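Would you mind keeping the following structure in view while I ask a few things?
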Amino acid sequence: MLRALYTAATGMKAQQLYLDNVSNNLSNINTTGFKRSQVNFQDLLYSKRYIAGSESAQGFEIPAGIQLGGGVRTISISKVFSQGNHVNTERDLDLAIQGKGFFQIQQSDGSIAYTRDGSFELNSKGEVVTADGLPLSPSITITDATEISIGTDGTVYVKGSDPSGTLQNVGQIMLAMFPNSSGLDSLGKNLYLETMASGSPIVAVPGEQGTGEIYQGFLENSNVETVTELVSLITAQRAYEINSRAISASDEMLSTINSMAR
């Protein structure tokens, strides 16, 4: 009976973590560029009383053994980088990526972070920055512009206030791509960091090497699907209840045995 108590307890812990993950996905359903997380489980070690194929006392081969599992554990929580839907904002500095690439953002310590959130602004110096004021990398500065045009290849053109009205090339947006995007470290604030698991970034011009193209005037919505997450929410709740009942049943059986032993 004690084995059943501990086994069911692992199930309750796993479902609690599963529910926490679903809650985080749902809370970020309107977060620009957010990618949902997926919980992956793994069964625990088995207690093997008889191994299949071993010899019985009568000398015959046992066709199926007795293996009793010890429960479940969470092996990983991975990001799912499927494409989110694009919404038209008609803002010059709202950019969406159609593909696997990431924008490169320079942090205050000089290191590079990565994001799918393309809602950029201009600071007082005319630099293209995130909502937190972190500059795009490579840096792009736009001053005295009456019109901003960004191509699908990331080339940034501006039209100044001079009478000629000619477009000037002021910079090139580069995109980074990783061999294993799920291995990125989630930093928060829509930012990711490179890890050994993600591999080194492949930086290229948008449209090359599978990084994807850039669309001006659009933002990428979260890839969280409400219906799927609500079903997962119900599933986690029911699984938690079932494991709780297993603990209650084990406790009742222990009480019965104790009362009989008196």
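Whenever you get a sec, line up Thr143, Thr195 from highest to lowest accessible area (probe 1.4 Å, protein heavy atoms).
Per-residue accessible area, sorted high to low, gives Thr143, Thr195.
Okay, helix-only estimate at 222 nm for the chain: each DSSP H run of n ≥ 4 adds -39500 (n - 2.57), divide by all residues, round to 500 deg cm²/dmol; what do you get?
Dividing the helical sum by the residues of the chain leaves -8500 deg cm²/dmol.
With every protein chain in place, what's the accessible area of Leu19 (1.4 Å probe, Å², nearest 10)?
The accessible area comes out at roughly 50 Å².
Suppose all protein chains stay in the model; what accessible area per residue would a 1.4 Å probe give for region 155-262, in Å²? Spell out each step's value before the answer.
Details: 6290 Å² over 108 residues.
Per-residue accessible area for region 155-262 comes out at 58 Å².
Among Tyr18, Tyr215, what's the order by accessible area (1.4 angstrom probe), most exposed first?
So, going from the largest accessible area down, we get Tyr215, Tyr18.
Placing +1 at every Lys and Arg Cβ and -1 at every Asp and Glu Cβ, with all other atoms neutral, what dipole size does the chain have around its Cα centre, in debye to the nearest 20?
Working: 17 positive and 26 negative charges, 272 e Å.
In debye, rounded to 20, the chain gives about 1300.
Taking region 115-260 as the region of interest, what is the percent of Cα-Cα pairs per 5 angstrom bin, listed from the shortest bin to the one with the maximum distance?
2, 8, 11, 14, 14, 10, 8, 6, 5, 5, 4, 4, 3, 3, 2, 1, 1, 0, 0, 0
Still on this model: For Leu5, project a label point 7 Å along Cα to C-beta. Then give me every residue of region 231-262 with its amide nitrogen under 13 Å of that point.
Answer for region 231-262: 247-258.
Okay, next question. On C-alpha positions alone, give me the angle between the axis of helix 2-27 and the longest principal axis of the chain, in degrees, nearest 10.
The angle comes out at about 20 degrees.
Which residue, Leu134, Val227, Gly210, has the largest displacement toward the positive end of the dipole of region 116-262 when charges sit on each Cβ (Lys, Arg +1; Asp, Glu -1)?
After comparing all options, I get Val227.
Also: For region 121-180, with only Lys/Arg (+1) and Asp/Glu (-1) charged at the beta-carbon, what is the dipole magnitude about the Cα centre, in debye rounded to 20? Walk me through the intermediate numbers first.
Values: 2 positive and 7 negative charges, 18 e Å.
Taking the Cα centre of region 121-180 as origin, the dipole is about 80 debye.
For region 67-140, report the accessible area per residue in Å² (1.4 Å probe, heavy atoms, rounded to an integer). Intermediate results must be reported in sequence, preceding the final value.
Working: 3530 Å² over 74 residues.
Result: 48 Å² of accessible area for each residue.
For the chain, I need the span (max minus min coordinate) of the C-alpha atoms along each principal axis, in Å, sorted largest to smallest.
Answer, in whole Å and largest first: 100, 39, 34 Å.
Can you tell me which of Ser200, Ser161, Ser78 moves the most in a GNM of the chain? Springs connect C-alpha atoms under 10 Å apart.
Result for the chain, Cα springs under 10 Å: Ser161 fluctuates most.
Can you give me the % of accessible surface on the chain that is carbon or sulfur? Probe 1.4 Å, all protein chains present, nothing else counted.
52
Taking N as the number of residues in region 221-262, what is its Cα Rg relative to 2.2 N^0.38 Å?
Normalised Cα radius of gyration, region 221-262: 2.04.
Follow-up question, since we're still on this one. Efficiency by 1/(1 + (r/R0)^6): what FRET value for Asn169 and Ser27, r their Cβ-Cβ distance, R0 = 45 Å, to the nearest 0.05? Don't skip to the end; give the middle numbers.
Details: r = 41 Å, r/R0 = 0.91.
Using R0 = 45 Å, I get an efficiency of 0.65.
What residue among Pro138, Pro63, Pro206 has the largest mean-square fluctuation in a Gaussian network model of the chain, using Cα springs under 10 Å?
Per the Cα network of the chain with a 10 Å cutoff, Pro63 tops the list.
Under the √(5λ) rule applied to the eigenvalues of the Cα gyration tensor, what semi-axes describe the equivalent ellipsoid of region 58-200? Give them in Å, descending.
Whole-Å semi-axes of the equivalent ellipsoid: 48, 15, 12.
Okay, moving on. Across bins of 5 angstrom width beginning at 0, how are the C-alpha pair distances of region 82-155 distributed, in whole percent?
In order of increasing distance, the bins hold 3, 14, 26, 27, 18, 9, 2, 0 percent.
Turning to a different aspect of this structure: Of the listed pairs Lys125/Lys189; Lys13/Lys79; Lys79/Lys159; Lys35/Lys159; Lys13/Lys48, which have alpha-carbon separations greater than 31 Å here?
From the list (Lys125/Lys189; Lys13/Lys79; Lys79/Lys159; Lys35/Lys159; Lys13/Lys48), the Cα-Cα distance tops 31 Å for Lys79/Lys159; Lys35/Lys159.
The values are calculated or read from the model by the stated rules, or taken from the named source; none is laboratory data. Small disclaimer: the values here were computed from a predicted structure and weren't measured. Glycine also receives a Cβ, built like all others from the backbone with ideal geometry; neighbour counts cover every protein chain displayed. For the accessible areas, the whole protein counts, side chains as well, though only heavy atoms, and no ligand, DNA or RNA atoms are used. Shrake-Rupley method; radii C 1.70, N 1.55, O 1.52, S 1.80 Å.
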